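Below: one structure, written as structure tokens.
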Amino acid sequence: MNLSDLGWNPYFEAFFEPYRGKGLVPARVSQEHRTLYHILGEDGDLIAEVTGKLRHEAESRADFPAVGDWVAVARRENEQAATIHALLPRRSGFTRKAVLSGGMPETGGRVDGQVVAANVDTVFLVSGLDLDFNVRRIERYITMSWDSGAAPVVILNKADICEDIDEKVAAVEQVAIGAPILPLSAEQETGLDQLDMYLKPGATVAFLGSSGVGKSTLINRLLGEDRIKTQQVRAYDSHGRHTTTYRELYVLPGRGIVIDTPGMRQIQMWTDEEGLSRSFEDIIALIGQCRFSDCRHIDEPGCAIREGLENGTLDAGRWKGFVKMQKEVNFLEARKDEKTYRRTLRDWHKRIHQIQAQREDLRKKGLL
């Protein structure tokens, strides 16, 4: 398999150079399971696992390979298997918050970032134009997409069963500032030509959205065959049934790479103030017009937010969504600071023990 067909480019070549002299070869992660990975490279499809050293040095879940990552591997002789020795730096990564242990973070659970798809050029945010249509969910996806480093594109699927497409497109335009909005029908195969400009050799596109919105059906249409299993959604609420259970990378001959992902109805934020500001430029601009820089937007005079809500220029749902996500970001930043503090404290304790051991060794030798 040609590496360029998998998205290999000078960016990754530059980072891989130190590993080439060690006899390692590059490969891209196509599937991620609990301890094993499927990787694609010039040797084809191989099963791989990370080295003990890489596992030991990993400080978070994000330090492990994810679907779309490029890795440096050693092929095992006489086996369709390999060992992953290193993870190359990512150009982009769509990351969500995951609670790893101890239940919800509010009750002491440890939070970490889970990379859903790595090294993505474009994110197709797929939403159904049926009963599952949810502007606030699209708004959340948009925020995280901008923060990922990839360009978001909103795909409104199931246009064949929607009678008010223009109204729903207008509603999405209010929250998807700067992102193209493409109504289409995967079932009827209409409007799919709108995707052609994003599907280019070497380019990677990730499909994200809730279960039942048609991500797998869309990818099957692009593949030209029903390679991914699909199911009908529930008629009474249009919810899907999680046909896709793990993330997987597919190569479209001559048209780039696509990544299919399981449905994510509840997606937790893993971003910062900068990522939030890009998605809510309209609200940030209004806040800047408030009379007081520390305005709480509750009962202060000259509050541009309150004025916008009262005269209808600011949608109440959008403001509520912004406030909710801002609270999540503030909470996340506090947990990240706490994690950094614990890591620094751990490093200092380790260093102190090393110094004490060195002093004891010198004392035994009569040099101290």
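The values are calculated or read from the model by the stated rules, or taken from the named source; none is laboratory data. What you are looking at is a predicted structure, and each value in this text was computed from that prediction instead of being measured. In this analysis, Cβ positions are derived from the backbone assuming ideal geometry, glycine residues included, and neighbour counts consider all displayed protein chains.
Quick notes
- Boolean, E42 is farther than 21 Å from F64 by Cβ and free of Cβ contacts under 8 Å to residues at least 24 places away in the same chain: no
- Residues (touching a Pro at 6+ places or on another chain (Cβ under 9 Å) and of a type outside the set (A, V, I, L, M, F, W, C)) located in the stretch 167-182: K168, G178, P180
- Hits in the stretch 255-297 - residues which are modelled with pLDDT under 80 and assigned to a loop (DSSP other than H, G, I, E, B): G263, M264, R265, Q266, I267, Q268, M269, W270, T271, D272
- Exactly one residue among A171, A151, A186, A179 is over 30 Å from D5 (Cα atoms), of a type outside the set (F, W, Y) and assigned by TED's automatic domain parsing to the domain that holds G128, and that residue is A171.
- The residues listed here are A117, A179, A86; of these, the one that is at pLDDT 90 or above, closer than 22 Å to I259 by Cβ and assigned to a loop (DSSP other than H, G, I, E, B) is A179.
- Selection within the stretch 144-168 - in contact with a Gly (Cβ under 6 Å, 6 or more places away or on another chain), in contact (Cβ under 8 Å) with a residue 60 or more places away in the chain and within 19 Å of E189 (Cα to Cα): N157
- For K168: the one exception among (1) surrounded by 15 or more Cβ atoms within 10 Å (Cβ to Cβ); (2) within 29 Å of T95 (Cβ to Cβ); (3) in contact with a helix residue (DSSP H, G or I) (Cβ under 8 Å, 6 or more places away or on another chain): (3)
- Conditions (1) assigned to a loop (DSSP other than H, G, I, E, B); (2) at pLDDT 95 or above: number failed by A72: (1)
- Considering residues of the stretch 27-55 that are loosely packed, with under 13 Cβ neighbours inside 10 Å and small (G, A, S) only, the residue nearest to G7 (Cα to Cα): G44
- Evaluating Q194 against the criteria (1) at pLDDT 95 or above; (2) in contact with a Lys or Arg (Cβ under 8 Å, 6 or more places away or on another chain) leaves one unmet condition, (2).
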